[in-house]
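The values are calculated or read from the model by the stated rules, or taken from the named source; none is laboratory data. Treat the numbers as computed from the prediction; the structure is a model and nothing was measured. All Cβ positions, glycine included, derive from the backbone under ideal geometry; neighbour counts span all protein chains shown. SASA here: full protein model, heavy atoms, side chains in, ligands and nucleic acids out. Shrake-Rupley method; radii C 1.70, N 1.55, O 1.52, S 1.80 Å.
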Amino acid sequence: CPRRSRPAGSMSVVEHVREMAAAGLHSNVRLLSGLLLTMSGNNPELFSPSQKYQLLVYHADSLFHDKEYRNAVSKYTMALQQKKALSKTSKVRPSTGNAASTPQSQCLPSEIEVKYKMAECYTMLKQDKDAIAILDGIPSRQRTPKINMMLANLYKKAGQERSSVTSYKEVLRQCPLALDAILGLLSLSVKGAEVASMTMNVIQSIPNLDWLSVWIKAYAFVHTGDNTRAINTICSLEKKSLLRDNVDLLGSLADLYFRAGDNKNSILKFEQAQMLDPYLIKGMDVYGYLLAREGRLEDVENLGCRLFNISDQHAEPWVVSGCHSFYSKRYSRALYLGAKAIQLNSNSVQALLLKGAALRNMGRVQEAIIHFREAIRLAPCRLDCYEGLIECYLASNSIREAMVMANNVYKTLGANAQTLTLLATVCLEDPVTQEKAKTLLDKALTQRPDYIKAVVKKAELLSREQKYEDGIALLRNALANQSDCVLHRILGDFLVAVNEYQEAMDQYSIALSLDPNDQKSLEGMQKMEKEESPTDATQEEDVDDMEGSGEEGDLEGSDSEAAQWADQEQWFGMQ
């Protein structure tokens, strides 16, 4: 209600509470309203029904502000019961004409707002069904845009796609520039043209909004998995002077390059976005994962520390820290950190992938499969979700399931270098389908000669066939325009096979300079050094034995670490 300039002495105590609530003095409201509610309980005649309703709402609001959501729900429920009783009494008898109650009755907190706050509490308590139930009880005509938006998101999460689409469309009808609602519709397979038609009147009536139809087109490509056209369309937007250096567009570009398997450009775009906004959190989990894969663990650790300083209430810093642990082979800690991230955001795909990978590497394949399946449900166009699941199937020798999944991905996401390589990876596991794997890899490399995963798998095939010269030519060609630890290491292995020891040593050195933690490069180099000095063979064997015992010690340490984190894992995240 509008603020009135009345002397403090002529205001009722409930009006004082309302003034403090409006001023944001939540701790003061909590103390005073709590005392007044106790007085009301001891003397029911002390406050009118409308005053009791107001006190309960303001008290619940202060509890909500203190993040005591269950207590707030309890007080909101009591407030709604009081409102219901108030409505009945107002119908039965006319107003008593009490001067104090008349202005208050005009300023009663909205019942719809109370229900929205209750739904917010339920979502914070992860009771989505209760949140949907309370919002569903609000008649459609009385639903505000924020209620429809919350309902749309809740329906989507619950898999009620038709209801979600209806709610998102209602948001756009009321607010045609609600871009997140547009993304929601596109993610539910609503055609880009249909979504654009809902914003056309606004685009045409407001100057400098001509980019919006292109923006919708770009994200329509994103949600259909057409990464190439999505990248081209967003690049065309990003080059326009008015939208140049937009952090959201750069973040989307980085994510798309990542999905397309172009890790180099993905990292560049993430770095560009981070320079523009040093407090950026969104997408930093993917950035951290990419850095960790490249062996840049010091950079990952620094990124994690920086993100924790920004906010520890988002999943991203926990995922980044988990990636550092995972690539340091501390899988039980990575598991805990991934679970903590899921607790903070159950829709974090990167957190699910981290936890799934940690479970798989700890031999808990069936639990890992559950996490990869959930990641696929949340991000059906992300190939890395399917890769994780297929790796689990292969780890448990379920080649048939892996083949079915790889074929489905190939049909769903189309024949590109990534899907061809994924299918070839499964074919390589079965002696019967080796030739098919070769054909698929050749197709993938024709499309993208620099695609690292395809090069690695083709090299693996050539190694089996002992075609080392062909493998060396393939790897040299792939390394002409890029530098990658794994490719340098495999080239080193091939050079050893053809007795080119000095160059092999150079390749292992380059690999280790790119990733100092690459164990296989280190092993390759040590093996060559051993062969070069046979007189020290006995001494080297002793060293190997010592290293072996050290590794066993590490494994024992990781077992005790697993026990240390076991309790947290049961408590945090998905089971």
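Here are a few things to note about the model shown:
- Dipole magnitude for segment 191-259: about 140 debye, using +1 per Lys or Arg Cβ and -1 per Asp or Glu Cβ, origin at the Cα centre.
- Note on the chain: Rg/Rh from Cα positions, Kirkwood definition for Rh, rounded to two decimals, is 1.08.
- Inter-label distance, nm, simple model (7 Å from Cα along the C-beta direction), MET39/ASN302: 6.0
- Debye log10 I(q)/I(0) for segment 196-322, one point scatterer per Cα, at q = 0.22 Å⁻¹: -1.21
- Sulfur and carbon atoms: percent of accessible area, segment 149-268 [1.4 Å]: 51
- Ratio of the Cα radius of gyration of segment 462-531 to 2.2 N^0.38 Å, where N counts its residues: 1.02
- Computed about its Cα centre, the charge dipole of the chain is approximately 5200 debye, with only Lys, Arg, Asp and Glu carrying charge at their Cβ.
- Mean accessible surface per residue for the chain, computed with a 1.4 Å probe while every protein chain stays in place, in Å²: 51
- Take 412-419, 192-199 and order them by the average number of nearby Cβ atoms within 10 Å per residue, most first; the result is 412-419, 192-199.
- Pairs with C-alpha atoms separated by more than 29 Å, drawn from the list LYS329/LYS527; LYS240/LYS340; LYS88/LYS115, are LYS240/LYS340.
- Dimensions of segment 437-488 from C-alpha coordinates, computed as largest minus smallest value along each principal axis and given longest first, are 25, 22, 15 Å.
- Largest-first ordering by accessible area, 1.4 Å probe, given options LYS527, LYS467: LYS527, LYS467
- Cα-based convex hull, segment 281-396, per residue volume (Å³, whole number): 86
- Percentage relative contact order, segment 462-531, counting C-alpha pairs under 8 Å, at least six apart: 26
- Probe 1.4 Å, all protein chains present, accessible-area order of LYS191, LYS329, LYS240, largest first: LYS191, LYS329, LYS240
- Pairs beyond 26 Å (Cα-Cα), from LYS217/LYS458; LYS126/LYS217; LYS84/LYS146; LYS217/LYS282; LYS191/LYS411; LYS157/LYS443: LYS217/LYS458; LYS126/LYS217; LYS157/LYS443
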